[in-house]
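Shown next, in structure tokens, is the structure this report addresses.
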Amino acid sequence: MKSTRILAEYIVESRPGDLPDDVRHEAARAIVNIVGCGLGGAPETGTDIAVRTFAPFSGTPEARIIGRRERFDALRAAFINGLTSHYHDYDDTLPKNYIHASSPVASALFAHASCNQVTGEDFIHAFVLGFEVTSRVGNATYPAHYDVGWHSTGTCGVIGAAAAMGKLLGLGVQEMIWAIGLAATQASGIREMFGSMAKPFHPGHAAQNGYEAALLAGNGFTSGEQGLEGPRGFTSVLAADRDLTRITEGLGRDFDLRVNTYKPFPCGIVNHPSIDACIQLRQEHGFTGGY
């Protein structure tokens, strides 16, 4: 099955009017949420370090960063947006694969839109497509990919960011195939980094590299034709078990934004039941501390 081509054709042929109203609504919710997360992470130590480190190497300082006064070139801005929006692990999550799809996808789009004319309709449309691609690649490789130690937000998010930016830049089908391949070959992020500044580095890296993949592809930079499904492609190399039908089945009809979730606590959702239980115990038994 030519998953990469089918996905590329869908992205290129999709039109804003094809999106159901409820999906548009969920996209708007996700974007508002990720802006809030970015504002929360903007003044943190890791963000300061990244800004200070990258400042001497930035290109034309034309792109804005969420919650910061500094400006960078759009690629660096995409990275820092991704870093800040995941810094506190407060960003929305897909329970079916534990991916934070909004962070890498929206971070690239925000950086680009801050220094280029982009309509709200096109922004929302590109975001939905990038979110969907991220989740679908994650669905196809979960749980094998995640369980072995890959951080799917980074590894799958780079492909979604490339898809979103490719749509916004108006890539054709062949160019979109290349963008997906260029993103897939840059997939990275390991769960050993959890608990450190390197965890939010992953969606930042994904946002920057996905954006870069779309730019290169748009200028004729080629990649393999089967970046997702090939015998040495993303799903074969990074997942011992995979289901490629989950990438393409129901395209344009089933949207994972409909099952996106928002966090009451700034940590991974796997910890939320334990937190809820502790709060409930305190409320029911009046525990106030001490022994």
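The values are calculated or read from the model by the stated rules, or taken from the named source; none is laboratory data. Because the structure is predicted, anything quoted here is derived from the model rather than measured. Quick reminder, even Gly has a Cβ in these numbers, built from the backbone with ideal geometry, and neighbours come from all protein chains shown. Protein only, heavy atoms only, side chains kept; ligands, DNA and RNA dropped before computing areas. Shrake-Rupley method; radii C 1.70, N 1.55, O 1.52, S 1.80 Å.
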| task | Might you check whether a residue that is under 30 Å from ARG76 (Cβ atoms) and over 19 Å from the mean Cα position of the chain (by Cα) occurs anywhere in the stretch 254-271? | result | no
| field | All positions within the stretch 215-253 that are within 18 Å of the chain's Cα centre (by Cα) and polar (S, T, N, Q) | value | THR235
| Every residue from the stretch 37-63 that is exposed (fewer than 14 other Cβ atoms within 10 Å of the Cβ) and not acidic (Asp, Glu) | PRO43, THR45, ILE49, ARG52, THR53, ALA55, PRO56, PHE57, GLY59, THR60
| Filtering the stretch 17-36 down to residues that are without any contact (Cβ under 8 Å) to a residue 24 or more places away in the chain and farther than 27 Å from LEU83 by Cβ, which residue is least open to solvent (accessible area, probe 1.4 Å)? | GLY17
| message | Quick check on the stretch 124-168: of everything there that is under 14 Å from the mean Cα position of the chain (by Cα) and in a loop (DSSP other than H, G, I, E, B), which residue is surrounded by the fewest Cβ atoms within 10 Å (Cβ to Cβ)? | response | HIS151
| note | Subset of the stretch 209-263, residues open to solvent by 60 Å² or more (accessible area, probe 1.4 Å) and among the basic types (Lys, Arg), comes to ARG232, ARG242, ARG246, ARG253, ARG258
| When the residues of the stretch 177-193 are filtered to those that are in a helix (DSSP H, G or I) and within 17 Å of the chain's Cα centre (by Cα), which remaining residue is surrounded by the fewest Cβ atoms within 10 Å (Cβ to Cβ)? | ARG191
| When residues of the stretch 79-123 are limited to those that are in contact with a Pro (Cβ under 6 Å, 6 or more places away or on another chain) and part of a loop (DSSP other than H, G, I, E, B), the one most open to solvent (accessible area, probe 1.4 Å) | TYR90
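Quick one: how many residues across the stretch 3-16 are assigned to a loop (DSSP other than H, G, I, E, B) and crowded, with 16+ Cβ neighbours inside 10 Å? I'd like the intermediate steps shown before the answer.
Here is the first cut: in the stretch 3-16, the ones assigned to a loop (DSSP other than H, G, I, E, B) are 14-15.
Within this subset, residues satisfying the condition of being crowded, with 16+ Cβ neighbours inside 10 Å are 14.
Here the count works out to 1.
Within 18 Å of the chain's Cα centre (by Cα), assigned to a helix (DSSP H, G or I) and of a type in the set (D, E, K, R): does that describe ARG76? Quick ask: steps written out before the conclusion?
Values: within 18 Å of the chain's Cα centre (by Cα): yes; assigned to a helix (DSSP H, G or I): yes; of a type in the set (D, E, K, R): yes.
For ARG76, the condition - within 18 Å of the chain's Cα centre (by Cα), assigned to a helix (DSSP H, G or I) and of a type in the set (D, E, K, R) - is met.
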